[in-house]
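The values are calculated or read from the model by the stated rules, or taken from the named source; none is laboratory data. Please read these numbers as outputs of a predicted model, since none were measured by experiment. All Cβ positions, glycine included, derive from the backbone under ideal geometry; neighbour counts span all protein chains shown.
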Amino acid sequence: MKKAILSLAILFQVVVASANNKGGNQELTVYKQPSKETEILKVLSETDEVALVRPFNNRWSIVTVNKEVGYMSSFQLSQYNKQQRAAAIAKAKATKTKQNGRS
């Protein structure tokens, strides 16, 4: 059981690292305006909750992060969503493995 949880944790880290390293070490950022030349409002951490308000255009989306409104590139938003899905799957598998171990 410990090996399964450890394997899932390592897999999650690999997925996150590969998503962040696409095209260099890219941080997931929220900007004040729809341009990478404007003020950065937030560099996302694992605990931040991002919610899509609406697409702004084909390159940018309006989002809220911890109740603060900003702009995030649509590509980065898709990367964030992939990370969240991977984390949820890993958590569900770890929980299922833990429950099966108790049976």
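Inclusion of Lys42 among residues that are in a strand (DSSP E or B) and on the phi < 0 side of the Ramachandran plot is warranted.
Look through segment 38-50, keep the residues that are surrounded by 14 or more Cβ atoms within 10 Å (Cβ to Cβ) and not charged (D, E, K, R), and return whichever of them is modelled with the highest pLDDT. Applying the filter and picking the extreme gives Leu41. Does Ala51 qualify as being among the small types (Gly, Ala, Ser) and free of Cβ contacts under 8 Å to residues at least 12 places away in the same chain? No: the conditions fail for Ala51.
Under the condition of being in a loop (DSSP other than H, G, I, E, B) and over 14 Å from the mean Cα position of the chain (by Cα), the residues counted in segment 45-65 number 4. For the subset of segment 51-75 comprising residues that are of a type in the set (S, T, N, Q) and over 12 Å from Pro34 (Cβ atoms), which member is surrounded by the most Cβ atoms within 10 Å (Cβ to Cβ)? Top of the filtered list is Thr64. Please go through segment 76-103 and pick out each residue that is surrounded by 14 or more Cβ atoms within 10 Å (Cβ to Cβ), closer than 15 Å to Leu44 by Cβ and hydroxyl-bearing (Ser, Thr, Tyr). The one that is surrounded by 14 or more Cβ atoms within 10 Å (Cβ to Cβ), closer than 15 Å to Leu44 by Cβ and hydroxyl-bearing (Ser, Thr, Tyr): Tyr80. If the condition is being more than 26 Å from Glu27 (Cβ to Cβ) and in contact (Cβ under 8 Å) with a residue 60 or more places away in the chain, then segment 58-103 contributes Lys93, Ala94, Thr97, Lys98, Gly101.
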